[in-house]
Each structure stands twice: as C-alpha cells, then as structure tokens.
1. Given the DSSP H assignment, sum -39500 (n - 2.57) over each helix run of at least 4 residues in the chain and divide by its residue total; what's the result at 222 nm in deg cm²/dmol, nearest 500?
2. Calculate the radius of gyration of the Cα atoms of the range 191-242 to one decimal place, then report Dmax, the largest Cα-Cα distance, as a whole number, both in Å.
3. Beyond 20 Å, how much of the Cα-Cα pair distribution for the range 376-489 remains, as a whole percent?
4. Can you tell me the alpha carbon radius of gyration of the range 567-667 divided by the globular rule-of-thumb value 2.2 N^0.38 Å?
5. Please list, ordered by chain and number, the residues whose modelled amide H lies under 5 Å from the amide H of residue 181; skip anything fewer than 5 residues away on the same chain.
6. May I ask for the angle, rounded to the nearest 10°, between helix 75-86 and the longest principal axis of the chain, with both axes built from Cα atoms and the value confined to 0 to 90°?
7. P(r) for the range 465-540: what percent of alpha-carbon pairs falls in each 5 Å bin, starting at zero?
8. Pull up the DSSP beta bridges for the chain and report the antiparallel fraction as a percent, rounded to 5.
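The numbers here are math on the coordinates, done by the rules we state, and not lab data. Because the structure is a prediction, the values reported are computed rather than measured. Please note: Cβ atoms are built from the backbone with ideal geometry, for glycine as well, and neighbour counts cover all protein chains shown.
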Amino acid sequence: MNSRRRILSGALTLAGTAGALGAGAATTSDSGAAGGVRYPQSGPEGASGIVPTANQYPPGDVRRYGVTANDPRAATANVRALRALVSPGGSFTGRICFPNASGSDVYYLNEVIPFHDDIHVDLQGSTLEFAKEAVAADTNSGFIFAVRNFSIENGSIVVKYEMGAIATSAGSAIHIGNRGTDSIYFSPAFDSLLKSPMGNITIRNLRIKSSVANGNAIEMTGGLAGVVIENVWIDGQSRLAGGIYYEFGWATSGTTNLRQTSHAHNMRFSNINVTNLQTHVSAAVTLAGAYNCLIDGLYVSGAVAAFNGTSGESLFYRPWAGVDAAGARHTIALRNVVAQGLVGTGITLGGAQLAANGYLAARKLAAAAQTDLGDYSLDGFALEGSASGWGIYTSAAKADIRNGRLSGFQRGIVQGDDCTRLLVNAVDVIGCSQSGLQLDLGAAIWDPPRQKMGEIRNCFIAGNGSERPGIYAGIQLDNCAGFLIENNRIGYELAHDGVTEAIQGNAVQLGARCNNVICRDNYVGGIRGEGVAYSHAGNHDARGNVIESAGGIATSRGSWGGITVRRRSVAFAASITIDATGSEQYDITATSSADFTINAPVNPVTDKAITITVRNASGAALGRAVWGAIFKMSPWTNPANGHNRSVILRFDGTHWLQIVQAGADVPN
C-alpha cells in the first residue's frame, strides 16, 4: 500500500503564477553536413553519447531520436527512445520538443519517463498519450517524472491506466519531487542526501485528461522549492482521484517515526481548472505540509472539495535540522476560487494534527509553547456545495476569510477551537441546511482549548437551517475571549429581499463560555419562530458580552450588557408570561376587566432588575390580578381606568424580589 495513503487521505491541488522556463535549447548547427545530411550530431549530443537516428530533424526534436507520432503500435519503441535521451543516468540537457506537424499529432507511450535535471519539454500543441493495463514497480511514479530543473508546456497529456481494484496512487500524469525510497527511479531521495534541493520546476499551458481511478493529475512530494504551475486544465473523466496533490517528504532515512521531515516552500500556481473528479475521494488541490504558497485562480466543477490544506508536518513531526527547524508554519494564500458541485467540505484550512507518534502528542506541548500551525488567507471566492459537506472548515492558528459567497452546504463556515484567530469579512452565507457560521466545534490539540478571538464584519447571513427550521442559528459562537460581530445583515426581510426569513433561528447565539463579544450595528431582518436576535446561554453575568445599536429585530435572551432596546409590550391575556431577558421594562396594557395572572418569567437572569407596568385601558375597573409565587412583593393594587402602576424587581436566583412599587396611580 502506498505509504502516503496511510498518512493522509485526500488529494491536494495547487494552482499558481507564471514562471520562466529553465535552460534554453541545446546548441545546434543549422548548416548542412557532407553527403546531404542536414543536421549532423551536435556537440551536446556527442558529449552525451546520443547518436541521432533521423538526422533530417534538428537537435531536440524527439523524432530525431526514434520517437514516432500517430502510431499506437510505436508506444514501446517511443518509451525506449525517450528513456535513452532523458533518463536519470544520462547527461543530455536543454530543450526537447514534440512537433505537431499535422496540427493534431499524438505521441503514444506505455511506461514512465523519468527525466534527469535540466530538461525542458515543449509539446508544441501535440498530445502525449499514456496507456497501461497492469501495475509494475512504478506505483509511486507519474508517467512524466522529474525532481529538479525541469519544465513541460504547451500541449495535452492523456492517461489511460486500468488499475482495476488495486489501491495505489500509480498513474499520475506528472509526478515531481520524491520522498525517501518511494520511487525506483530517484532513490534514495532523502533531502539531506541530495546534492541540491528538489524543485525549480514549471508546468504550464497544459490540458491533462486522465481516467486513473486512484491517481492524481499532478502529484508532488518532498522538500520542493520554486514550483510554478499555471494555465492547466485537468479533466478527471469522473474517475481521477485528485487534481494537484502535494505531501511532505523525508529529509533523513531510518525508522519512519524518527526521521526528519522536509516541506515544500515558495510554490506559486495560477489559472487552474479542475473538472470531473471522483465525487467521493479527494480534492481538486491538496497541500499537506507546504509553506509559502500562493493559489490564484482556481475553478472546480465536480469534486469532493476545492482545496484541502493540512499540516502534514505534525504527523511524525521532526523538522529537518537547519532547514525546517526555524519554524513550522503554513503561510498559504488563496485568491479567486470558484467551485460548484462539491459534495464534501469545500475548503479546509487545516492546522495541527494529533496522531500516533505525532509532534504535539509526543511532546504534550502546552499553549505557552506557541507552536501554532497554519496561517491562511482566502480572498475572493464562490463555493456551491451540498448538505453533506461544510463550506469552509478551519483549525489553523489564524485564518483570514473575506470577499466570498457560500451556498448550499450543511454549514457555511466551521471553526474548530484550535483556530484562535478568525477574521471573516464581506462573506455571504445563504441556503445551508444547518448553521451559517458554527464557531464552536471543539479542540483537537489543546485541552482545555484556548479561547479564540476575531471578528465577523459586513456579512449577509440568511436562509440557513432548512434541516430543522428555527433550530440553527445564523452565527453560533462559543469559547472565545474577544469577538467583534459588526455591521452584518442577518436573516431575510421581505422589504429588502422579497422573501421573509422562514427557517433560520437565532441570529447570534453565544454559548456559556463566551467573553467580551461585542455585537454592534448589526441589522436583523428576520428570525424563525421562537428565535431571538441575540441569544446568550449565560443567565448570570454578561461577562462583557454587549449589544450596541441593534437594528431591525432587537430581541434578546440571556445576560447581555449595553442592550439598547429596553422596553417591550406584552399582550394582555388571562395568563401572562414574560421573557425576562428580552428587555428591562415590560408594559402590560389591560383591555378588558377580566381576571389575569402574571406567571413566573422565563429565562431569568440572576441579579438583573426589570420593571413591570400594568396599564388600565379597559374603560372600567380591572379584574383580579394574581402574581405568581416567585414574586416576593408588597400587596398589589390595580390602577384605575386610564392609569398605570409599576413594580421594580430583581432576580436573586430563586425569587423576584421587589425593590420598589408605585404607591399611587400614574396617568397613562
């Protein structure tokens, strides 16, 4: 079984920005040779022991070395000729090309082509087609395989690899880098033993089509540096497992859980299009243990996920001394990500992991160790998913998510308590079957979890909670030490949206472990059923949780400070029950002379004082008033018609104790 599959599931894909090709074409002579031979053996060919078989083609043209286009029967001979030219044991360097003489030339191959350093491939619009029907000893290799100073561009790659039921990652179209002894072509490839770092690789202007059930279009491993992937279209034929996948490597040899690990640095990717992956396997782009990466321009249609970032280094984590030891921190930026037809979590911004022999588990590190893993930014995105996945999940130390839209998922944004700094700005979360933002998932690393901080600003959160209308909140938050929820619009409103909010419950819902949450300048357009705009599980001490300048619906429950809506009208009835957290003053206007009972208030807040005013607008004397046993107060006198009386009470945790009661009627 592939060792990578035992460590991390999923397939990562990378997208990036432009990069220049490496070395130019090999030096050639364009002068005709004696005897009518136009292109005699060049100096570099001679130095490399390469004897051309078709001198009518210039140096670097693969036809010169015995490669034939448009003949499926030539696949074996084509592999033999290419390996003689570019295999790791050779020394020929420079540019090789696959001419497209007919405008649709196809070069057939049936085995892995490993490329040594300093080879630059130009397909010139032609297609490389790889076909294979059985597993050989290359199950950790791609059909195009290189580790250093390599580029491939300008054409198409088609892979037809029938693996059957065999579970392996064999069959990737392109594999760059290596990890330990995984491959027979570049082995051993422990980073600390290499003459120079792996990397300086460019992949661009390619269309990759593959039907390999367990492969990736582009697979990368080891301590790569300086990788550029741009303008690449990946079509998975509804069978390919992943688009672009990277996983950390082994820097040193020895027992697996004692090895030092290596990680990719400085990778940039842009304009990546990934379609038709398997919808139950992995992601369009996966990065496991990579640093300093930029993904700009990723489109995904038909996949489990668009991006999966994980902390590969925290499993068997022993950083490569002198290289990775200075700091193990993801710094990954994603820009302009659009995805539709996702069936899993759209984007995972993963932080540390806790696993057998893992770094954090083995050392039992406390929060004071400051081993935060993960620093992600996501700017400009639109993700459409299904009720079986989340829009964005983060367990990274820090995540900055802005300028996007999430729709159709089970939950919009989910934050684990290992993510201690979360910034969400200008994000729409609509139409999820459960919560819009669930920011209280719990911790995997820190026990007890560290309290998080952050902000949610300028967002629109509505239409979530269809699975159980009225149950799930727009924003659900717990275990925090300081959070700003500001200038958001929550819940549909008929006058603004053309529809009313019919399913989303509480607009903002705080758990019992929230401190210093400021809800400021938010507008709540609608809530479902018995929901309130602001709900706090604590009913004793507001603990700095404040509501300021509430717009729209401004109802509340639980203990809050700074509530600006202090007065509420309560309908007159034979049996009256008030919600003691909604405000600080309650007006009961009696419109008949029937008897009435004032019951024990629901949701009382310890040490909170409320005022109850009874107004007589019945046109006659009021009926008998009965106050529940929970009220400890002096005898009550009903007000005369056209007048009112008030009582101020404070809840001591058991009873509502009278502070003062009006001794005379006051005109209405």
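1. Working: 5 runs with 32 residues, N = 668.
Per the formula, -1000 deg cm²/dmol.
2. 13.6, 40
3. Values: 2214 of 6441 pairs.
Of the Cα pairs, 34 percent sit more than 20 Å apart.
4. 1.00
5. Counting only residues 5 or more places away or on other chains, the set is 189.
6. In the chain, helix 75-86 runs at an angle near 90 degrees to the longest axis.
7. 4, 16, 26, 23, 18, 9, 3, 1
8. Numbers: 17 of 203 bridges.
Counting DSSP beta bridges with both partners in the chain, the antiparallel share is about 10 percent.
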